[in-house]
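Notes to accompany the following structure.
The values are calculated or read from the model by the stated rules, or taken from the named source; none is laboratory data. Note that the coordinates shown come from a computational prediction; the quantities given were computed from them, not determined experimentally. Neighbour counts run over all protein chains shown; Cβ positions are idealised from the backbone, glycine included. SASA here: full protein model, heavy atoms, side chains in, ligands and nucleic acids out. Shrake-Rupley method; radii C 1.70, N 1.55, O 1.52, S 1.80 Å.
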Amino acid sequence: DLRNNLISSIDPGAFWGLSSLKRLDLTNNRIGCLNADIFRGLTNLVRLNLSGNLFSSLSQGTFDYLGSLRSLEFQTEYLLCDCNILWMHRWVKERNITVRDTRCVYPKSLQAQPVTGVKQELLTCDPP
């Protein structure tokens, strides 16, 4: 449980050696960017909560090392639902992962919609 610790960045490999960890709560920190290698070593992680941080998007491959993941939460005040999260949309469906309490904030047309409930054709990167 690492919530409410003012964490602003996590080095790649920071969780290496914690292969028995099942739940990780990073809620309400100041994480602005999630590196693709950030969760390397967490092979048995089942539940991850990243809510209340500062990132607006998730890079493709962010969760590649989380082979046991079943529950994910990443609500932020900045979550942008556009073409850059299409990979995550597909990944969640393929792996049958439950995404809890996570809603789009931007663009305004998708605001408050559950991130996994948005139709893929609406996840565009068209200029305004």
Item to check | Evaluation of Thr76 against (1) part of a strand (DSSP E or B); (2) at pLDDT below 95 (one fails), failing number | outcome: (1)
Checklist entry - Residues Asp11, Asp64, Asp101: which one is farther than 30 Å from Asp126 by Cβ, modelled with pLDDT under 95 and part of a loop (DSSP other than H, G, I, E, B)? => result Asp11
Item to check | Qualifying positions in the range 20-42 - open to solvent by 40 Å² or more (accessible area, probe 1.4 Å) and modelled with pLDDT of 95 or more | outcome: Ser20, Leu21, Lys22, Arg23, Asn28, Arg30
Checklist entry - If Ser59 satisfies every condition in (1) modelled with pLDDT of 90 or more; (2) open to solvent by 50 Å² or more (accessible area, probe 1.4 Å) but one, which is the exception? => result (1)
Next on the checklist: Can you tell me which condition Gln111 does not meet? The list is (1) under 20 Å from Leu34 (Cα atoms); (2) surrounded by 12 or more Cβ atoms within 10 Å (Cβ to Cβ), and all the others hold.
Outcome noted: (1)
Checklist entry - Looking at (1) of a type in the set (S, T, N, Q); (2) out of contact with any helix residue (DSSP H, G or I) (no Cβ under 8 Å at 6 or more places or on another chain); (3) under 22 Å from Asn84 (Cβ atoms), which is the one condition that is false for Asn44? => result (3)
Checklist entry - Among Ser51, Ser71, Ser20, Ser57, which is within 11 Å of the chain's Cα centre (by Cα), among the polar types (S, T, N, Q) and more than 19 Å from Leu110 (Cα to Cα)? => result Ser71
Checklist outcome for this item: Out of (1) part of a loop (DSSP other than H, G, I, E, B); (2) among the aliphatic types (A, V, I, L, M); (3) under 21 Å from Leu21 (Cβ atoms), the one Val118 does not meet is (3)
